[in-house]
Amino acid sequence: MRIEVRKFLFYTFATSWIIWGSLALLTQLNLLKFGNAISMLIFILGGITPAICEIWLKKKYSTKEEFKSFIHNVKNPKHSVSWYIFVIGLAFAPFFLPTLWGGATMENPMYLALLELPIMIIGGGLEEIGWRGFLQPTLQKRWSPFTSTIIVGVIWAVWHLPLWFVIGSNQMNMNFLWFSLITVALSFLLTIIYLSTKSIFLCIVFHALTNSFWDVFVPVTNVSSGLFTLLFALFLFTVFEVYRKSNFQKRMV
């Protein structure tokens, strides 16, 4: 397990950070403006690296049957309507709720989230092929879902770090500690989805939705707001874990 995780993290971080580091350097030297076609292509390429690395490693080290099953899970949309409603609600909540305590403001209409969803699948959602498709379930072979989620959330946050050096990026205007708290919070919500469904596809949809809602409910990136969101996610995760363990015990009786 350690070797698998190390390989995935090494290739993912090395590739993403070289790509995003190059983008940061080009914008710092004023050789490239963030937002144009070339810069966005570089930005997206760095973002889909977790997916590329995991698919490559899975194909290299798995059997044909295992790889085929993995790819099927990634692209399988066959889930009940109730699960899609649940995923949409779970993605909506952490971005709407901060508006109640001044942690975010609704600056764009809701339909923008739907319009952006296909774009955000590429610009964020596909990361889940690596994070929840591989890293989370692999870590859970050794640690609890809670501990594994914390580890994945922290790694996920740190992985984004080069973007704080890209002039013109949204991250430059964000408090990194706030971002890290939000990332861990979203990791707990993604764990709920993955443990309930084992679906990478639904995790991709959730991630894309959160990125889309982020453009509707623009956050105030202060640490206290991030803590409130994390506490909300922890509450839902705790309720879910109590329910899951209770059901497991009932099946064992």
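I'm trying to understand the selection: among the residues of the stretch 214-238, which are out of contact with any Leu (no Cβ under 9 Å at 6 or more places or on another chain), buried (at least 18 other Cβ atoms within 10 Å of the Cβ) and part of a helix (DSSP H, G or I)?
Answer for the stretch 214-238, where residues must be out of contact with any Leu (no Cβ under 9 Å at 6 or more places or on another chain), buried (at least 18 other Cβ atoms within 10 Å of the Cβ) and part of a helix (DSSP H, G or I): just Trp214.
Restricted to the stretch 55-70, and to residues that are out of contact with any Ser or Thr (no Cβ under 9 Å at 6 or more places or on another chain) and surrounded by 15 or more Cβ atoms within 10 Å (Cβ to Cβ), which residue is farthest from Glu127 (Cα to Cα)?
Per the criteria, the residue is Phe67.
Here are some residues: Ile44, Ile52, Ile85. Which one is of a type in the set (A, V, I, L, M) and over 15 Å from Trp20 (Cβ atoms)?
Exactly one of Ile44, Ile52, Ile85 is of a type in the set (A, V, I, L, M) and over 15 Å from Trp20 (Cβ atoms), namely Ile85.
What is the number of the single condition among (1) within 20 Å of the chain's Cα centre (by Cα); (2) not in a helix (DSSP H, G or I) that Thr105 does not meet?
(1)
Yes or no: Ile155 within 20 Å of Gly124 (Cβ to Cβ), of a type in the set (Val, Ile, Thr), surrounded by 20 or more Cβ atoms within 10 Å (Cβ to Cβ) and out of contact with any strand residue (DSSP E or B) (no Cβ under 9 Å at 6 or more places or on another chain)?
Details: within 20 Å of Gly124 (Cβ to Cβ): yes; of a type in the set (Val, Ile, Thr): yes; surrounded by 20 or more Cβ atoms within 10 Å (Cβ to Cβ): no; out of contact with any strand residue (DSSP E or B) (no Cβ under 9 Å at 6 or more places or on another chain): yes.
So Ile155 does not fit the description; no.
Taking the stretch 108-142, which residues are in a helix (DSSP H, G or I), closer than 15 Å to Leu195 by Cβ and not aromatic (Phe, Trp, Tyr)?
Glu128, Arg132, Gly133, Leu135, Gln136, Pro137, Thr138, Leu139
If I go through the stretch 71-90 residue by residue, how many of them are β-branched (Val, Ile, Thr) and buried (at least 18 other Cβ atoms within 10 Å of the Cβ)?
So in the stretch 71-90, the residues β-branched (Val, Ile, Thr) come out as 71, 74, 81, 85, 87-88.
Subsequent filtering for residues that are buried (at least 18 other Cβ atoms within 10 Å of the Cβ) retains 74, 87.
Going through the stretch 71-90 one residue at a time, the tally reaches 2.
Identify the single condition in (1) in a helix (DSSP H, G or I); (2) closer than 28 Å to Ile122 by Cβ; (3) modelled with pLDDT under 95; (4) not aromatic (Phe, Trp, Tyr) that Glu241 does not satisfy, given that it satisfies every other one.
Tallying (1) in a helix (DSSP H, G or I); (2) closer than 28 Å to Ile122 by Cβ; (3) modelled with pLDDT under 95; (4) not aromatic (Phe, Trp, Tyr), Glu241 fails exactly one: (2).
List every residue pair whose Cβ atoms lie under 8 Å apart, where the two residues are 6 or more positions apart in sequence or sit on different chains, the first residue falls within the stretch 157-180 and is farther than 17 Å from Ile44 by Cα and part of a helix (DSSP H, G or I), and the second residue, located anywhere, is of a type in the set (S, T, N, Q) and modelled with pLDDT under 95.
As it stands, the answer is Asn173/Thr221; Trp178/Thr221; Trp178/Asn222; Trp178/Ser225; Phe179/Gln171; Phe179/Thr221, since those pairs meet every condition given.
The values are calculated or read from the model by the stated rules, or taken from the named source; none is laboratory data. Since the model is a prediction, treat every value here as computed from it, not as a measurement. Please note: Cβ atoms are built from the backbone with ideal geometry, for glycine as well, and neighbour counts cover all protein chains shown.
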